[in-house]
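J.: Handing you this structure, nothing more for now.
The values are calculated or read from the model by the stated rules, or taken from the named source; none is laboratory data. Keep in mind it's a predicted model, so treat the numbers as computed, not measured. Because the Cβ atoms are built from the backbone with ideal geometry, glycine has one as well, and the counts that use them run over all protein chains shown. Only protein heavy atoms, including side chains, enter the accessible area calculation; ligands, DNA and RNA are left aside. Shrake-Rupley method; radii C 1.70, N 1.55, O 1.52, S 1.80 Å.
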Amino acid sequence: APVGFSGPLLCEALAPLLSTHPGLSLTLFFQDEQIDLVESRIDLAIRVGRQEDSSLVARHIVNWRLLLCAAPAYLARAGLPSEPQQLLALDWIGLHLERIQHLVLQGPAGVQQRLRLESRVTCNNILASRQFTL
């Protein structure tokens, strides 16, 4: 599972399973980069994002909304954007290995705008991205 799942979210969900099945043992592996599940002999994985075609069986669990976040001190220095194009001038922290990402914003009238963002900091770990933001 992704590193961000290593806290209460997943651990609290697994506690009743372990209580019900005393013979069950778990080895939990948290990593934000996708690995070859077959080669790593992993029976069950939780992944975030669009999945590539494969012979693996996948089940959709939940949709999560992504949020744009900024530290108040940063906005005080950089200014609060009033229109989407102004977002391009801000320093971005990306949560992928690619420095360039696309952001799709939807306005109140349902109009979508696609922005091409270049990250100043790129992380492969949600906890590091969160810490940089803070």
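J.: Using a Förster distance of 35 Å, how high is the FRET efficiency between Glu118 and Ser54, based on the Cβ-Cβ distance and rounded to 0.05?
T.: Taking R0 as 35 Å, the efficiency between Glu118 and Ser54 is 0.70.
J.: For the stretch 40-134, give the share of DSSP beta bridges that are antiparallel, in percent and rounded to the nearest 5; count only bridges with both residues there.
T.: Beta bridges within the stretch 40-134, antiparallel portion: roughly 80 percent.
J.: Now for a different question. Quick one: dipole size for the chain, taken about the Cα centre, charges +1 on Lys/Arg Cβ and -1 on Asp/Glu Cβ, in debye to the nearest 20.
T.: 380 debye
J.: Still on this model: Working with all protein chains in place, sort Phe132, Phe30 by solvent-accessible area computed with a 1.4 Å probe, largest first.
T.: Largest accessible area first, the residues go Phe132, Phe30.
J.: Can you give the helix-only mean residue ellipticity at 222 nm for the chain, where every DSSP H stretch with n ≥ 4 adds -39500 (n - 2.57) and the sum goes over all residues, rounded to the nearest 500 deg cm²/dmol?
T.: After summing the helix terms and dividing by the residues of the chain, the value is -6000 deg cm²/dmol.
J.: Fully extended, how many nm does the chain gain between Leu127 and Ile35 (0.36 nm per residue separation, minus their Cα-Cα distance)?
T.: Fully extending the segment from Leu127 to Ile35 adds 31.2 nm.
J.: Which of His96, His21, His60 ends up with the largest GNM mean-square fluctuation for the chain, with Cα atoms connected below 10 Å?
T.: Highest fluctuation among the options: His21.
J.: Averaged per residue, what accessible area in Å² does the chain show with a 1.4 Å probe, protein chains only?
T.: Result: 84 Å² per residue.
J.: Which of the peptides 23-29, 76-82, 1-7 is most tightly packed, and how do the rest follow, judged by the mean count of other Cβ atoms within 10 Å per residue?
T.: 1-7, 76-82, 23-29
J.: Now for a different question. So if each residue of separation counts as 0.36 nm, and I subtract the Cα-Cα distance between Leu26 and Leu87, what length gain in nm does that give?
T.: Working: separation 61, 0.36 × 61 = 21.96 nm, distance 4.34 nm.
Working it through step by step, the gained length comes to 17.6 nm.
J.: Describe numerically, in nm with one decimal, the distance between label points set 7 Å from Cα along Cα→Cβ at Leu14 and at Arg77.
T.: A separation of 3.9 nm, rounded to one decimal place.
J.: Please name whichever of Tyr74, Leu56, Leu103 sits farthest to the positive end of the charge dipole of the chain, dipole taken about the Cα centre and charges placed at Cβ: Lys and Arg +1, Asp and Glu -1.
T.: Looking along the dipole axis, the top candidate is Tyr74.
J.: Now for a separate question. Heavy atoms only, probe 1.4 Å: what % of the accessible area of the chain goes to carbon and sulfur, would you let me know?
T.: Its accessible area is 55 percent carbon and sulfur atoms.
J.: Still on this structure, I have one more. What is the ratio of the Cα radius of gyration of the chain to 2.2 N^0.38 Å, with N the residue count, to two decimals? Write down the numbers at each step before the final one.
T.: Working: Rg = 18.7 Å, N = 134, 2.2 N^0.38 = 14.1 Å.
With N residues counted in the chain, Rg over 2.2 N^0.38 Å equals 1.32.
J.: At a Förster radius of 22 Å, what calculated FRET efficiency corresponds to the Cβ-Cβ distance of Ser6 and Asp43, to the nearest 0.05?
T.: Plugging the Cβ-Cβ distance into 1/(1 + (r/R0)^6) gives 0.75.
J.: Continuing with the same structure: Tell me the GluC sites (Glu not before Pro) within the stretch 1-60 that lie in a loop according to DSSP and have at most 13 other beta-carbon atoms within 10 Å.
T.: Here the GluC sites (Glu not before Pro) that fit, given the DSSP loop and packing criteria, are Glu33, Glu39, Glu52.
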